[in-house]
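Student: Take this structure, written in structure tokens, and hold onto it; I'll ask about it next.
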Amino acid sequence: MVKTIFSIGVDSENSDYLNEKIGATNFICLLFVLLSIPFFWFTYSLIPDLAYLPILFFLNALAGIFFNAVRMHSASRFLASIGFLLLLTIYTSFVTPDHEPLIAGLLAMQLFCLLPPWILFDFEEKGALIFYCSISILITLFLPALNDLFTHEISPEIVGLFKDGWPFYVGIFISVFGMTGALLFLEISTFQTGNRNAQLISEMSAKADMIAANEKKLNDYIAEIEAGKLEAERRQWASGGIAKFSEILRSNHHDSQKMYDALISGLVKYMGANQGGLFLLEGQGSDQRLSLVAMYAYNRKKYLQRSIEIGEGILGQAVLEKTPIFMTDIPHEYVLITSGLGDSPPRSLLVSPLMVNEEVYGVIELASFRKFQPYELEFIYKVGESIASAVSTVRVSERTKTLLEELQQQTEEMKSQEEEMRQNMEELIATQEEMQRKEREYLQRIQDLEQGAVIQSYN
């Protein structure tokens, strides 16, 4: 029930601060309701004519709770801060004889009534706190003047009781009880505030953790997006490169040297390298060698020759093992990159065999001042397959062209031989006809001779 009384006028639409002050006002009014009962009892027993003041005291307390219930919170706090003090001041002025010191028990109760403004207001309402505290202090300071203003005929025996009799102790008890209750309320309020603060801190900590977790998720999501974006850019870069070099291979297939030059210069520029070389396998069997067919910005210090045997050096080893070789610790004498500032060793060297269907057709060698990234290495491997396929096609075309030229030459030779044979046949036929003609002439002459001999014999 007490909790219900404390909650009178409290509304969820109000701020937490206002609801806290409404509860404090209800507490003070309820405390004075309880104190008004002994206050009325000993007043009615000793000075019945002043019994109306404890009744007003009681009604003032009920009015404070009522005003909270009807949302007149300012009026409720005014009655709790000033109303009890004014009634008690008038009561003290009536009881204290004129021009005599204040009665200690009543003064203790007077001082107790200075507490409500400090409970109902704080520095968040600094103006109201200063106003009510100033009014309370002024009322207390002007007690001697009010003592002369409010007079009542009271017997010395009753005044003596107020000074050192049981009313004195009742007044002290009421003051101590009231102050204890006020301090207890402040302690409970402070404890509840501490609990609320601890709860708020816990909630804020939980929210901070949730925010941190959400921030981490957001950062992870952003990182995933960035990684996806970077991966998409790299795929686009690789796809663009594949398309570019496919176009070079397609448009220059009729001129192999032009194709090789365009490939190596394009690769060096597209990869952001500094120099590169394209080597192709020449020969058959044990006579196979790597031959430099195209280069870009090359200035070799060790391998100045344009032909390298299989298994010799890094290039020959890559062909022999059929695996790419990527180096970041390069021998100083192996290759130097020439620039306007002189010759410097590269930071990374890539030697990638040109393979298709496990058959090696050559190698690409790229040197750079920067380190190649894994996706760039993967790109070179894929481009290498396309180059190997193109080289295979070019070589098949060249062999086909050579075979066609040889076949054409053989055909021409056969045509020449056929013409010669035809001429020989014609000559042979003419000779045979001449021989047949002569043979007929000879036969005719023989026949004529034989006929002449018969005629002569007859004659």
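Student: Can you give the three extents of the C-alpha atoms in the stretch 357-459 along their principal axes, from longest to shortest, in whole Å?
Tutor: 127, 25, 12
Student: Which far-off residues, 5 or more places away or on another chain, put their amide H under 5 Å from the one on GLU312, with H placed in the peptide plane?
Tutor: So GLU312 has HN proximity to GLN317.
Student: In addition: Using the Cβ atoms and a cut-off under 12 Å, what net charge is assigned to the surroundings of LYS163, where Lys and Arg are +1 and Asp and Glu are -1? Show your work: numbers first, answer last.
Tutor: Values: positive: none; negative: GLU100, GLU157, ASP164.
Taking every Cβ under 12 Å from that of LYS163, the sum is -3.
Student: Working out 0.36 nm times the residue gap between SER397 and LYS244, then minus their Cα-Cα distance, what length gain in nm do you get to one decimal?
Tutor: Roughly 52.8 nm would be gained on extension.
Student: At q = 0.07, 0.08, 0.11, 0.14 Å⁻¹, what base-10 log of I(q)/I(0) does the Debye formula yield for the chain when every alpha carbon is treated as an equal point scatterer in vacuo?
Tutor: -0.63, -0.69, -0.96, -1.20
Student: Assuming a viscosity of 1.306 mPa s and a temperature of 10 °C, what translational diffusion coefficient in µm² per second does Stokes-Einstein assign to the stretch 1-98, Rh being the Kirkwood radius over Cα pairs?
Tutor: Using the Kirkwood radius from Cα pairs, D works out to 113 µm²/s.
Student: Ok, one more. Spelling out what I want: for every residue of the stretch 216-222, take phi, set θ = phi - 60°, compute 6.51 cos²θ - 1.76 cosθ + 1.60 (Karplus), and round to whole Hz; glycine and proline get x.
Tutor: 5, 4, 5, 4, 5, 5, 4
Student: Return the long-range amide H neighbours of ALA294 (sequence gap of 5 or more, or a different chain), with a cut-off of under 5 Å between placed amide H atoms.
Tutor: The answer is LEU278.
Student: Relative contact order of the chain: what whole-number percent is it, with Cα pairs under 8 angstrom and at least 6 residues apart?
Tutor: Normalised by residue count, the contact order of the chain is 8 percent.
Student: Name the residue farthest towards the positive end of the dipole of the stretch 252-403 from the options GLY311, VAL356, PHE379, assuming +1 on Cβ of Lys and Arg, -1 on Cβ of Asp and Glu, about the Cα centre.
Tutor: Towards the positive end, the residue furthest out is PHE379.
Student: Amide H of SER368 versus every other amide H placed in the peptide plane: which residues, excluding those fewer than 5 positions away on the same chain, fall under 5 Å?
Tutor: ASN274, ARG347, SER348
Student: Give me the dipole magnitude in Debye, nearest 20, for the stretch 252-403 about the Cα centre, with unit charges on the beta carbon: positive for Lys and Arg, negative for Asp and Glu.
Tutor: Roughly 360 debye, rounded to the nearest 20.
Student: Which whole-Hz ³J(HN,Hα) couplings does the stretch 284-294 yield from phi under the Karplus relation 6.51 cos²θ - 1.76 cosθ + 1.60, θ = phi - 60°, glycine and proline marked x?
Tutor: With the stated coefficients, the stretch 284-294 comes to 10, x, 6, 8, 5, 9, 8, 10, 6, 9, 7 Hz.
Student: I would also like to ask the following. What do you get for the angle between helix 52-69 and the principal long axis of the chain? Use alpha-carbon atoms, 0 to 90 degrees, nearest ten.
Tutor: 20 degrees
Student: Also, quick follow-up: Once all Cα-Cα distances of the stretch 252-403 are split into 10 Å bins that start at 0, what whole-number percent is in each one?
Tutor: 11, 43, 35, 9, 1, 0
Student: So if R0 is 51 Å, what FRET efficiency would LEU449 and MET421 give, r being the distance between their Cβ atoms, rounded to the nearest 0.05?
Tutor: Here the calculated transfer efficiency is 0.80.
Student: Quick check for me: using +1 on Lys/Arg Cβ and -1 on Asp/Glu Cβ, what's the dipole size of the chain about its Cα centre, in debye to the nearest 20?
Tutor: In debye, rounded to 20, the chain gives about 1320.
Student: Would you mind working out the magnitude of the charge dipole of the stretch 15-102 relative to its Cα centre, with +1 at each Lys and Arg C-beta and -1 at each Asp and Glu C-beta, to the nearest 20 Debye?
Tutor: Dipole size: approximately 320 debye.
Student: Could you tally the net charge around ILE225, taking each other residue with its Cβ under 13 Å from the Cβ of ILE225, Lys/Arg +1 and Asp/Glu -1?
Tutor: Its environment carries a net charge of -3.
Student: Can you give the extra length, in nm with one decimal, that the chain gains between TYR169 and LEU407 once fully stretched, where that is 0.36 nm per residue apart less the Cα-Cα distance?
Tutor: In short, 71.5 nm is gained.
Student: Once you list every other residue whose beta carbon is under 10 Å from the beta carbon of MET355, what net charge do they have if Lys and Arg are +1 and Asp and Glu are -1?
Tutor: Taking every Cβ under 10 Å from that of MET355, the sum is -2.
Student: Tell me, what HN-Hα J-couplings in whole Hz come from the Karplus equation 6.51 cos²θ - 1.76 cosθ + 1.60 at θ = phi - 60° for each residue of the stretch 16-21, using x for Gly and Pro?
Tutor: Here the 3J(HN,Hα) series is 4, 5, 5, 4, 5, 6 Hz.
Student: Along the Cα→Cβ direction, 7 angstrom out, place labels at ALA75 and MET435. What is the inter-label distance in nm?
Tutor: 16.0 nm
Student: Would you work out which of PRO144, GLY240, VAL33 lies farthest towards the positive end of the dipole of the chain? Charges go on Cβ: Lys and Arg +1, Asp and Glu -1.
Tutor: PRO144
Student: Follow-up question, since we're still on this one. With unit charges on the beta carbon (Lys/Arg positive, Asp/Glu negative), name the residue among GLY64, PRO54, MET109 whose Cα is farthest towards the positive pole of the charge dipole of the stretch 2-211.
Tutor: Looking along the dipole axis, the top candidate is GLY64.
Taken together, the values in this text are just the output of simple stated rules run on the coordinates, not laboratory data. Since the structure is predicted, the reported quantities are computational estimates derived from the model, not experimental observations. Because the Cβ atoms are built from the backbone with ideal geometry, glycine has one as well, and the counts that use them run over all protein chains shown.
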